[in-house]
Amino acid sequence: MSPAPEGKGRRVESAARGALAIVLGGIALGLVFNGMGRTGRPPRGLEWIARPAVLPTLEGSGGPPVEPSPPADAGSRPGSSGEPAEPQGDLPEIPELDQPIQAQLPTVKRLFDAKAALFVDAREPEDYGAGHLPGSINLPFDKSVADPETVERVDAGGRPVVVYCEGFPCEVSTQVAWAFVQAGHRRVLVYTGGFGEWAGAGYPVARGGGSAEGANR
């Protein structure tokens, strides 16, 4: 009769090998799927994987420098003529990129005064109704994610899009800005200071409801 401890030891060793094989297999599958996510691009909706951790800034501070993309063919992108954006008077030149760009209050105010951008409020309707930038449309984060066609229907009239929410640390404006990029817009700004900074500076505030319909104004 063979010793019982020896048979038990073999069973334990076999079970340990099986568990190790399962763990290694899971790690391998995870690496494969992660690699597929980083190289793939979803046909609709938001691309959640492999986005830059820090957006470039239009003013050249607080993030990597803005590097313009080559101009596209005319009519191939919403709100784009296919030519590089030309500055209007003292307005900033906004390059066409495949990601949003951060913008600060002075730039946002200049675009607002010149009516040279479409402003999008990414907050919930009740917050928008309590106060928003005059002329802005309300496109909450959850609506833009759940219904990408809503973003695709927004016509910026050839102008850049400026998305804002309440202000730092609110991040929904960045996610909605990515939705506009996914829809084909290439001049999309994120106003990081948001409504809180705008109202705190004493700039105009409107109240009441609104939606993304009829956004070309």
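Computed quantities for the displayed model
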read-out	value
Criterion violated by GLY157 - all others in (1) small (Gly, Ala, Ser); (2) touching a strand residue (DSSP E or B) at 6+ places or on another chain (Cβ under 8 Å); (3) surrounded by fewer than 19 Cβ atoms within 10 Å (Cβ to Cβ); (4) modelled with pLDDT of 95 or more satisfied	(4)
Within segment 128-142, considering residues that are assigned to a helix (DSSP H, G or I) and without any contact (Cβ under 8 Å) to a residue 40 or more places away in the chain, the one surrounded by the fewest Cβ atoms within 10 Å (Cβ to Cβ)	ASP142
Segment 166-207, residues that are modelled with pLDDT of 95 or more, in a loop (DSSP other than H, G, I, E, B) and β-branched (Val, Ile, Thr)	VAL205
Filtered residues of segment 144-165 (kept if farther than 21 Å from LEU111 by Cα and assigned to a loop (DSSP other than H, G, I, E, B))	ASP147
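The values are calculated or read from the model by the stated rules, or taken from the named source; none is laboratory data. Treat the numbers as computed from the prediction; the structure is a model and nothing was measured. Reconstructed Cβ throughout: ideal geometry from the backbone, glycine too, with neighbour counts over all protein chains shown.
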